[in-house]
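The values are calculated or read from the model by the stated rules, or taken from the named source; none is laboratory data. Note that the structure is a prediction, hence the values are computed from the model and not measured. Note that we place each Cβ from the backbone using ideal geometry, even for glycine, and neighbour counts take in every protein chain shown. Heavy atoms of the whole protein, side chains included, go into the accessibility calculation; ligands, DNA and RNA do not. Shrake-Rupley method; radii C 1.70, N 1.55, O 1.52, S 1.80 Å.
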Amino acid sequence: MATSFLSIYSDDHFMQEAYRQATYAFEEGEIPIGAVVVSNNRIIAKAYNQTEKLNDVTAHAEMLALTAAAEYLGNKYLHDCTLYVTLEPCVMCAGASYWAQLQRVVYGASEPKRGYRRVGNLLHPKTEMVSGILAQECGDLMASFFAGKRN
């Protein structure tokens, strides 16, 4: 008799950790985006934007978290994993999520200017997408960051 695995944590729980990662980016003057990868109800990777720190345009939170998760699992495919990210992924990060074949992508705030959805769905056909988790908090952090940059 097969039993299904029920998560004891909610999407909100894991998004809180992604949000925490985003605050680290904020504190370092990076665009405040955080990401975590979860497998079997456990965080296996976490990261935040480090494009300025690493002088690398590809050092997005999602990219760093996916790389760390693949290294942790010893496999480039993340079939049973969920990526939690505070902002809708860009085209590059959605493409990386496609190739990683994630089970789910969950994001907080939408990104109408640079989010992947503006060019169509770039996620793997088997990937479930969930949006709006902690959307207000994630959006407010981004707005606060850019308001500080404008002053």
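Odds and ends about this structure:
- Residues in the range 113-123 that are open to solvent by less than 100 Å² (accessible area, probe 1.4 Å), touching a strand residue (DSSP E or B) at 6+ places or on another chain (Cβ under 9 Å) and at pLDDT 65 or above: Leu123 alone.
- Cβ separations smaller than 9 Å between residues 6+ apart or across chains give the following pairs from the range 4-26 residues that are at pLDDT below 95 to residues that are surrounded by fewer than 18 Cβ atoms within 10 Å (Cβ to Cβ) and in a helix (DSSP H, G or I): Ser7/His13.
- Within the range 59-70, residues that are under 13 Å from Ala18 (Cα atoms) and modelled with pLDDT of 95 or more sit with their Cβ atoms under 8 Å from residues that are of a type outside the set (A, V, I, L, M, F, W, C) and open to solvent by 40 Å² or more (accessible area, probe 1.4 Å), at 6+ positions apart or across chains, in these pairs: Ala65/Lys46.
- Only one entry of Leu87, Leu83 meets the criterion of being open to solvent by less than 10 Å² (accessible area, probe 1.4 Å) and of a type outside the set (Lys, Arg), and that entry is Leu83.
- Residues (within 12 Å of Ala100 (Cα to Cα), among the polar types (S, T, N, Q) and under 16 Å from the mean Cα position of the chain (by Cα)) located in the range 58-77: Thr67
- Test: residue in the range 129-141 that is on the phi > 0 side of the Ramachandran plot, at pLDDT below 95, open to solvent by less than 30 Å² (accessible area, probe 1.4 Å) and not hydroxyl-bearing (Ser, Thr, Tyr): yes
- Total residues in the range 96-108 satisfying the condition of being under 11 Å from the mean Cα position of the chain (by Cα) and open to solvent by less than 40 Å² (accessible area, probe 1.4 Å): the figure is 5.
- In the set (1) modelled with pLDDT of 95 or more; (2) surrounded by 14 or more Cβ atoms within 10 Å (Cβ to Cβ); (3) of a type outside the set (Lys, Arg), the condition left unmet by Ile31 is number (1).
- Residues that are open to solvent by less than 20 Å² (accessible area, probe 1.4 Å) and among the hydrophobic types (A, V, I, L, M, F, W, C) within the range 35-80 comprise Ala35, Val36, Val37, Val38, Ala45, Ala47, Ala59, Ala61, Ala65, Leu66, Ala69, Leu78, listed in sequence order.
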